[in-house]
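Trainee: My structure is below; once you've seen it, I'll send some questions.
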Amino acid sequence: MTELRSFVRAALVDPVPRDHTEPDWAFRRRRVVVVVTLLVGAALLTWALRIEPGDPMFYVATFALAAAWAVGALVSGPLHLGRGHTRHGDVESRAVVQSLALGVMLLGLFLAGAVVVARIPFLRDPVLTLLDHARYGSLAVVAVVTIVNGVAEELYFRGALYAGVGRRHAVAVTTIVYALVTATSGIPLLVFAAALVGVVVGLQRRVTGGILGPIVTHLTWSLGMLFLLPVVLDRLS
């Protein structure tokens, strides 16, 4: 338990010192770009998730969505990779190992939850419909889509949006916005996943001051879900 507490404090609680201040004009400009990007991204996500599995337009829509998040984030202003603590409180170069561990923990939690979801059609069926894009399309391409969109989402939500909100309420605001945007999918479990993952990567962003940790955690979780969740649901359905 002592090791676990040390890990949680280092990864999700104690911020690494840094100075990412910017002039007022740059902060206002970032906020304008963030709002415009959010509107475009939400519209593209709604379109992408309404496309039938097997339709090649799904790939066009999801790459367009990733481009919107990424371009908006990069145009908004400077983004930082961030730095992480060790469990003993020292500063390391990058928070990669901790982020991998957090991603694996999230994956284990969601796969355990799939045992329950598999027995509830209301929750299971929309998830299976979403996973059909991998079943009826190219799994390799869907994996690339997952990676590209995962990186782009973190560039925007834990990069540009987080910086545009300001430090005080950034974790809460970015998590809520992330969940609300995901709600356009109409998939209850996807919204729950966005909220839970959003809290974890938001806390990582607060601790590390950058986007690298959230990106690593997000990709570890999302790729694991892509490859393992269909197997779990098929065996339990």
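Trainee: Run down 135, 167, 119 and say which single residue is more than 16 Å from the chain's Cα centre (by Cα), open to solvent by 60 Å² or more (accessible area, probe 1.4 Å) and under 30 Å from residue 26 (Cβ atoms).
Mentor: Going through 135, 167, 119 in turn, just one is more than 16 Å from the chain's Cα centre (by Cα), open to solvent by 60 Å² or more (accessible area, probe 1.4 Å) and under 30 Å from residue 26 (Cβ atoms): 167.
Trainee: May I ask you to say which residue of 30, 5 is open to solvent by 50 Å² or more (accessible area, probe 1.4 Å), basic (Lys, Arg) and not in a loop (DSSP other than H, G, I, E, B)?
Mentor: 5
Trainee: A further question follows. If residue 62 satisfies every condition in (1) open to solvent by 20 Å² or more (accessible area, probe 1.4 Å); (2) under 30 Å from residue 132 (Cβ atoms); (3) touching a residue at least 24 places away in the same chain (Cβ under 8 Å) but one, which is the exception?
Mentor: (1)
Trainee: Next question, about the same structure. Is it the case that residue 67 is more than 21 Å from residue 187 (Cα to Cα) and open to solvent by 20 Å² or more (accessible area, probe 1.4 Å)?
Mentor: yes
Trainee: What is the residue count in the stretch 145-161 for residues that are more than 12 Å from the chain's Cα centre (by Cα) and either open to solvent by 10 Å² or more (accessible area, probe 1.4 Å) or at pLDDT below 95 (or both)?
Mentor: Going through the stretch 145-161 one residue at a time, the tally reaches 2.
Trainee: Has the stretch 215-237 got at least one residue that is open to solvent by less than 50 Å² (accessible area, probe 1.4 Å), under 24 Å from residue 32 (Cα atoms), in contact (Cβ under 8 Å) with a residue 60 or more places away in the chain and among the small types (Gly, Ala, Ser)?
Mentor: No, the stretch 215-237 contains no residue that is open to solvent by less than 50 Å² (accessible area, probe 1.4 Å), under 24 Å from residue 32 (Cα atoms), in contact (Cβ under 8 Å) with a residue 60 or more places away in the chain and among the small types (Gly, Ala, Ser).
Trainee: Okay, moving on. Report yes if some residue within the stretch 188-210 is over 25 Å from residue 51 (Cβ atoms) and outside any helix (DSSP H, G or I); otherwise report no.
Mentor: yes
Trainee: Those residues that are at pLDDT below 95 and not charged (D, E, K, R), I need them from the stretch 19-40; list them, please.
Mentor: Residues satisfying the conditions are 20, 21, 23, 25, 26, 27.
The values are calculated or read from the model by the stated rules, or taken from the named source; none is laboratory data. Values in this document were obtained by computation on a predicted structure and should not be read as measured data. Cβ atoms come from the backbone with ideal geometry, glycine included; neighbour counts cover every protein chain shown. Note: areas computed on protein heavy atoms with side chains; ligands, DNA, RNA excluded. Shrake-Rupley method; radii C 1.70, N 1.55, O 1.52, S 1.80 Å.
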